Amino acid sequence: MITTRSLGVLFSVVLFISFECLSQKEIEVSIDERVEALLLKMTLKEKIGQMNQYNGFWNVTGPTPKEGNAKEKYDDLAKGLVGSMLNVRGAKEVRAVQEVAVNQSRLGIPLIIGFDLIHGYKTISPIPLAESASWDMGAIKKSARLGAMEASAAGINWTFAPMVDVSRDARWGRVMEGAGEDPFLGSRIAEARVKGFQGDDLKENNTVAACAKHFAAYGFVESGRDYNTADIGENTLHNIVLPPFKAAVDAGVKTFMNSFNELNGIPATADAYLQRDILKGDWSFDGFVVSDWGSIKEMIDHGYAKNSYHAGELALNGGSDMDMESYIYVNQIESLLDAGKVQVEQIDDAVRRILRVKFELGLFDDPFLYCDEEREQKVTGSKEIREGVLDMAKKSIVLLKNDNNILPLKKEGLKIALIGPLADDKNSPLGNWRIAAENNTAVSVLEGMNQYSGNSITHAQGVRLVNKIPAFHEEVDINTTDRCGFKAAKKAAKKADVVVMVLGEYGFQSGEGRSRTKLDLPGFQQELLEEIAKINSNIVLVLMNGRPLVLNWANENIPAIVEAWHLGTESGNAIAQVLYGDYNPSGKLPMSFPRSVGQMPLYYNYKNTGRPGAEGRDAGSVFWSHFGDEKNTPLYPFGYGLSYTNFEYSQIEMSSKELNFNSSITVSVNVKNTGKVKGKEVVQMYVKDHFGSVTRPVRELKGFELIELAPGESRKVSFTINPELLKFYSARKKWEAEPGQFSVFIGTNSATKNSASFSLK
Ligand code: NOJ
């Protein structure tokens, strides 16, 4: 069909071609027009080349190809058969591959350089789950911005982030990469991260294109086992899984990555319903979709594609525009086209999308925009970035327990025993996904606490957590044989006024391929904790972990618990400032913390069921939805977190108890700081829709505000509720609000009982 737009484009293309002697900059043509002009010049092979992404292979310092097939890959680059590379990093290294693409290929189309910039490049910020605990959108956006500044100075112009997969299962190792269990919070965080990475103008040399991943339902892999099958219904898909992806599109995200999992029998890589109907159709997404690593080829193992040829056909028809490391598009698409299995329009569409992003990044105007070694030197590890990650780290810490105000610690005169395998660890706090960071570059808790010289610290590891530092792709080898450090730790604890124990997961125990069936403190750490508690119960437990853990014993027996996740380069400084009260923690959990692994999946926005509770039934009856050996509730609910001060909430005030389809109401509370120190609080609003054409969750987060109050200060916090906010994917397969009765809850976490009701008519 010839539209006015395509006629316009055609006209400009003709103009463009006849003015080819002028530079592209001199001719005022839009990106679309420049894309069309270029497309006209490309051979089929060159088009397919744009859809091909290779992993890094070229060692510029040699220059020796690193891998066996590097020669062929290099030749492909020179022939214009590669559109993108990943894992090439460093201004010099990127310049080297870019030079081949730009100077040796016929059309000189620049490469787009991808990298997993997940939480910082060389200077590491907290893992994304930790950052999400800040509920501070400004800080999260800034953290992504700082990561983009550092990575873009090292030649990178595309990050495979943010991961926006909602997950309700702490067994899944990749929960560390996301924003937790809630679609509303996840959507706000998706927006913040996309805007942080992409900045205000993608053409600037310090911005990178973002990538919303993994499309879709990867967070719902069965039993939390990575790469496993996902089988969920439309209701969960639309109401829980898709909203953060949609939010990323609305925030202008330039790319998407699909996922390894199958969804309801179809590998996501070939899912035309997701990629063509929803993403590129309903949502009008005009960026491109990259496959996950080898996921086109993996459709053979899924039992969905007969062979590589068939996999290529399925992936392209399904809407995957770029092939990451399957080598299938570059080898199969030509013959698929000859056989009529794929259409040239699909190829053109994919190439258009890819070229558009390259134009938007400014790569056609200057392919070496991101390859300035001087800038790289200046920006890497700069003061601004270090300060930024420290700030983010402090904001990510969640205070889980603080009996008798044992925290903050006095700054003088204390004898402190600092115990635990993670107390002096400089590697683990970097967490997983920090490919460009040097090992052992985090500030340890020991180093952080040593900044405060008024107390005496005796340090003892107590026990080793791992037998050796694992590499990115290796299994973590947990120490389960050697307890010889217990003795020194007990001795230190005996003499101490207070014991600070730093325990948790090794940095590589969460992340891709790191699923667990246990959510305990690995190795001998629980035993160490219990042994020390027998000697000195005045313990502050500092946890480092990439996922919710089961902490029942600690919650019963340890007076103070600080959730410090994997906080990155500045970990020890952030933790010390919180322990000493120079920073008052305000983080709130973005995932429920279970009482038992058997509760998984666990989430606050569950459905009531037909048998919700024992109340009103025969006393002692077993016939309700519960476990015989554990409560239904989490140990710490979603949104939970304490402060060194206290906040008092008033009852909810409402501007009206009736809402109609053209109006809105305001709901408010007064929040007062009743303690002695300044503090921040995340005021959270949840809504319950009592009846629906499909069943509705018991409550859903619908608003939050981070406020700071001086001692004695109070503030009125208001939220607007309108029909838009009450929309959900209904039985009519539409996003709509349905009339009926609602409850609103406003409080300090998802378990708040502070409620009021209203109706929508
Ligand atoms: C596989 C992971 O699933 C994905 O998130 C990542 O971006 C790619 N590998 C590239 O490293």
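The values are calculated or read from the model by the stated rules, or taken from the named source; none is laboratory data. In this text the structure is predicted, and so the values were computed from the model without any measurement. Don't worry about glycine lacking a Cβ; one is built from the backbone with ideal geometry, like all the others, and counts go over all protein chains shown. Just so you know, the surface numbers come from the protein's heavy atoms only, side chains and all, with ligands and any DNA or RNA stripped out. Shrake-Rupley method; radii C 1.70, N 1.55, O 1.52, S 1.80 Å.
With the full set of protein chains in place, find how many percent of the accessible area of the range 491-545 is carbon and sulfur; take the probe as 1.4 Å.
Roughly 46 percent, rounded to a whole number.
For a Förster distance of 41 Å, can you work out the FRET efficiency between the beta-carbons of S743 and E530, rounded to the nearest 0.05?
With R0 = 41 Å, the Cβ-Cβ based efficiency is 0.45.
Which percentage, to the nearest 5, of the DSSP beta bridges contained in the range 209-306 is antiparallel?
Roughly 20 percent of the beta bridges in the range 209-306 run antiparallel, per DSSP.
Choose one of L725, N670, L701: the residue whose Cα lies farthest towards the positive end of the charge dipole of the range 667-761 (beta-carbon charges +1 Lys, Arg; -1 Asp, Glu; about the Cα centre).
Positive-end residue among those listed: L701.
At a Cα cut-off below 23 Å, give the lysines reachable from K410, other chains included and same-chain residues fewer than 8 away excluded.
K394, K395, K401, K490, K491, K494, K495, K676, K678, K680
Could you grab the relative contact order for the chain? Cα pairs under 8 Å, six or more apart, rounded to a whole percent.
Relative contact order for the chain comes out at 12 percent.
Within a Cβ distance under 10 Å of M544, other residues only, what is the Lys/Arg minus Asp/Glu net charge?
-3
Just subtract the alpha-carbon distance of I31 and N538 from 0.36 nm times their residue separation and send over the number in nm, one decimal.
Once the chain is fully extended between I31 and N538, it gains 176.1 nm.
Count the DSSP beta bridges whose two residues both fall in the chain, then state the antiparallel fraction as a percent rounded to the nearest 5.
55 percent
Provide F638, F745 ordered by accessible surface of protein heavy atoms (probe 1.4 Å), highest first.
Output order, biggest surface exposure first: F745, F638.
When only Cα pairs under 8 Å and 6 or more residues apart are kept, what is the percent relative contact order across the range 599-713?
25 percent
By how many degrees, between 0 and 90 and to the nearest 10, does the Cα long axis of helix 31-41 differ from the longest principal axis of the chain?
Tilt relative to the chain: about 50 degrees.
Provide Rg and Dmax in Å for the range 584-659, with only Cα atoms included in the calculation.
Reported Rg and Dmax, both Å: 17.0, 47.
For the range 645-653, what does the Karplus curve 6.51 cos²θ - 1.76 cosθ + 1.60, with θ = phi - 60°, yield as ³J(HN,Hα) per residue in whole Hz, taken in order and with x for Gly and Pro?
Working through the residues one at a time gives 10, 10, 10, 10, 9, 7, 5, 7, 9 Hz.
Quick one: check the C-alpha center-to-center distance for the range 171-213 versus the range 74-128, whole angstrom.
Here the two parts' Cα centres lie 21 Å apart.
What percentages, rounded to whole numbers, describe P(r) for the range 44-377 computed over all alpha carbon pairs with 10 Å bin width beginning at zero?
Pair shares across the bins are 6, 28, 35, 24, 6, 0.
With charges set only on the Cβ (+1 for Lys and Arg, -1 for Asp and Glu), what does the dipole of the range 135-180 come to about its Cα centre, in debye to the nearest 20?
60 debye
For the range 205-222, just list the computed ³J(HN,Hα) in residue order, Karplus coefficients 6.51, -1.76 and 1.60, θ = phi - 60°, integers in Hz, with x standing in for Gly and Pro.
6, 10, 10, 10, 6, 9, 9, 7, 9, 10, 8, 8, 6, 4, x, 10, 4, 4
Over the range 569-637, with every protein chain in place, what whole percent of the accessible area is carbon and sulfur at 1.4 Å, could you tell me?
51 percent
Short version: ³J(HN,Hα) in whole Hz for each residue of the range 87-101, in order, from phi by Karplus 6.51 cos²θ - 1.76 cosθ + 1.60 (θ = phi - 60°), x for Gly and Pro, what are they?
3J(HN,Hα) across the range 87-101, in whole Hz: 6, 9, 9, x, 4, 5, 5, 5, 4, 4, 6, 5, 4, 4, 5.
Given the Cα atoms of the range 647-760, and with Rh set as the inverse mean 1/r over their pairs in the Kirkwood sense, what is Rg to Rh to two decimals?
So for the range 647-760, dividing Rg by the Kirkwood Rh gives 1.03.
So if R0 is 30 Å, what FRET efficiency would W283 and S755 give, r being the distance between their Cβ atoms, rounded to the nearest 0.05?
0.30
Identify, among T481, A492, Q509, the residue whose Cα sits farthest towards the positive end of the charge dipole of the range 449-513, taking +1 on the Cβ of Lys and Arg and -1 on the Cβ of Asp and Glu, with the dipole about the Cα centre.
Value: A492.
What Rg and what Dmax come out for the range 397-578 when only alpha-carbon atoms are used, in angstroms?
Over the range 397-578's Cα set, Rg and Dmax evaluate to 15.2, 46 Å.
Any idea what the dipole of the range 647-760 comes to, in debye rounded to 20, about its Cα centre with Lys/Arg Cβ at +1 and Asp/Glu Cβ at -1?
My answer is approximately 220 debye.
If you stretched the chain out fully between A471 and S693, how much longer would it get, using 0.36 nm times the residue separation minus the C-alpha to C-alpha distance?
Working it through step by step, the gained length comes to 74.9 nm.
Give the residue list of trypsin sites (Lys or Arg not before Pro) in the range 258-338 that are DSSP loop and have at most 12 other beta-carbon atoms within 10 angstrom.
Qualifying residues, ordered by number: K306.
What is the ratio of the Cα radius of gyration of the range 145-239 to 2.2 N^0.38 Å, with N the residue count, to two decimals?
Working it through for the range 145-239, the quotient is 1.20.
Sort K383, K676 by accessible area with a 1.4 Å probe, largest first.
K676, K383
Which residue, chosen from P429, L541, I397, occupies the Cα position most advanced towards the positive end of the dipole of the range 397-578, where the dipole is computed from +1 (Lys, Arg) and -1 (Asp, Glu) charges on Cβ about the Cα centre?
L541
Expressed as a rounded percentage, what relative contact order does the range 647-760 have, with Cα pairs under 8 Å and six or more residues apart?
Reported relative contact order: 32 percent.
For the range 337-376, which whole-number percentage of the solvent-accessible area (1.4 Å probe, protein heavy atoms only) is attributable to carbon and sulfur atoms?
Ligands and nucleic acids excluded, carbon and sulfur give 39 percent.
Order T517, T159 by their accessible area, 1.4 angstrom probe, all chains in place, largest first.
T517, T159
Dipole magnitude of the chain about its Cα centre, charges +1 at Lys/Arg Cβ and -1 at Asp/Glu Cβ only, in debye to the nearest 20?
1880 debye
In Å², and per residue, what accessible area does the chain have when probed at 1.4 Å with the other protein chains present?
38 Å²
Quick one: Cα centre-to-centre distance for the range 652-686 and the range 383-429, in angstrom?
The range 652-686 and the range 383-429 have Cα centres spaced 32 Å from each other.
Among the trypsin sites (Lys or Arg not before Pro) within the range 447-501, which fall in a DSSP loop and have no more than 14 other Cβ atoms within 10 Å of their own Cβ?
Those satisfying the criteria are K468.
Starting from the Cα of K688, draw a straight line to each of the lysines and keep only those under 25 Å, dropping any in the same chain fewer than 8 residues away.
K246, K588, K607, K631, K657, K702, K716, K727, K733, K734, K753, K761
May I ask what percent, to the nearest 5, of DSSP beta bridges between residues of the range 647-760 are antiparallel?
Roughly 95 percent of the DSSP beta bridges within the range 647-760 come out antiparallel.
Quote to one decimal, in nm, the extra length available between E653 and Q451 on full extension: 0.36 nm per residue of separation minus the C-alpha distance between them.
Once the chain is fully extended between E653 and Q451, it gains 68.0 nm.
Convert 4 °C to kelvin, take the viscosity as 1.567 mPa s, use the Kirkwood radius over C-alpha pairs of the chain as Rh, and evaluate the Stokes-Einstein diffusion coefficient in µm²/s, rounded to a whole number.
Rounded, D is 47 µm²/s.
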